[in-house]
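Below is one structure, written out as structure tokens, with a few remarks after it.
The values are calculated or read from the model by the stated rules, or taken from the named source; none is laboratory data. Worth saying up front: this structure is predicted, and the values here are computed from it rather than measured. Cβ placement follows ideal geometry from the backbone for every residue including glycine, while neighbour counts extend to all protein chains displayed. All accessible areas refer to the heavy atoms of the entire protein, side chains included, with ligands and DNA or RNA removed. Shrake-Rupley method; radii C 1.70, N 1.55, O 1.52, S 1.80 Å.
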Amino acid sequence: MRPFPDFRLGSELATGFTATLTERCGDPLERIPTPQRLADWFTVVGLAVFACTDDDLARAVELREAIHRAATAAARDEPLPPRAVRVLNDCSARGRAALVLTPQRQGRWDLTAGDETTDALGVIARDAITLLAGERPGRWALCASPTCRAAFFDTSRSRSRRWCEMNTCGNKEKKARFSAAHESPAQGAGHASPGR
């Protein structure tokens with residue numbers, strides 16, 4: 001059995017969640033193909049969900065795609081799709097997670113026993129809503145990679161990031177440019193006929 005691909009987490013919970021599906025405009029790579037893999041993702045981001053069902057996975061994918069559609073519209077300065085807004089609002093309203101302070105002065109989400117997935121999806125939806133509503137400094141942008149085109153939230157000082165992640169899409173582009181710049185003239189010419 002092939003191992004699952006690594007998660008791409010990023011700096012924002014909501015965009016880390018949309019990155020569970022990458023290369024959307026190329027050969028899509030699903031990073032949460034099973035309910036257990038969804039539970040693994042929740043655990044990695046600090047949401048205590050240890051088991052998920054097929055229904056949980058379907059609800060998670062619906063939320064993920066709603067966030068992606070809304071974020072893409074925001075990056076293009078277009079109105080948000082009404083259905084995406086409904087899904088975000090519904091997930092946010094259903095979640096009852098409480099943010100609690102630990103003795104180590106860290107915040108953690110306290111999820112309702114027996115309904116952890118609903119609460120975790122609510123946390124993600126609320127994170128997306130704060131970003132989409134402009135409550136945190138930054139701007140929405142689309143990855144410059146033609147096969148990726150992920151919506152990401154740019155918090156860089158200049159707000160001029162081009163890649164969802166420099167260590168993935170940015171590095172691929174840099175390698176492609178390097179290869180093109182160092183291609184030999186014979187390789188670049190292809191199979192041209194010799195001159196007369």
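Look at where the Cα atoms of the range 142-167 and of the range 71-96 average out, and the two centres are 20 Å apart.
Using a probe of 1.4 angstrom and keeping all protein chains present, the accessible surface of the range 21-80 works out to 47 square angstrom per residue.
In sequence order, the range 48-62 has phi-based couplings of 6, 10, 9, 8, 10, 9, 4, 5, 4, 5, 5, 5, 5, 5, 4 Hz under the Karplus curve 6.51 cos²θ - 1.76 cosθ + 1.60, θ = phi - 60°, and Gly or Pro positions carry x. Rolling a 1.4 Å probe across the protein heavy atoms gives the range 83-157 an accessible surface of 54 Å² per residue.
Within the range 22-123, the trypsin sites (Lys or Arg not before Pro) that combine a DSSP coil assignment with at most 16 other C-beta atoms in a 10 angstrom radius are 76, 96, 105.
The 3J(HN,Hα) values that the Karplus relation (6.51, -1.76, 1.60; θ = phi - 60°) gives for the range 30-44 are, in residue order, 7, 9, 10, x, 10, x, 5, 5, 5, 4, 4, 4, 4, 4, 4 Hz. Gly and Pro appear as x. For the range 26-161, with all protein chains present and a 1.4 Å probe, just round the carbon and sulfur fraction of the accessible area to a whole percent. Roughly 52 percent of what the probe reaches on the range 26-161 is carbon or sulfur.
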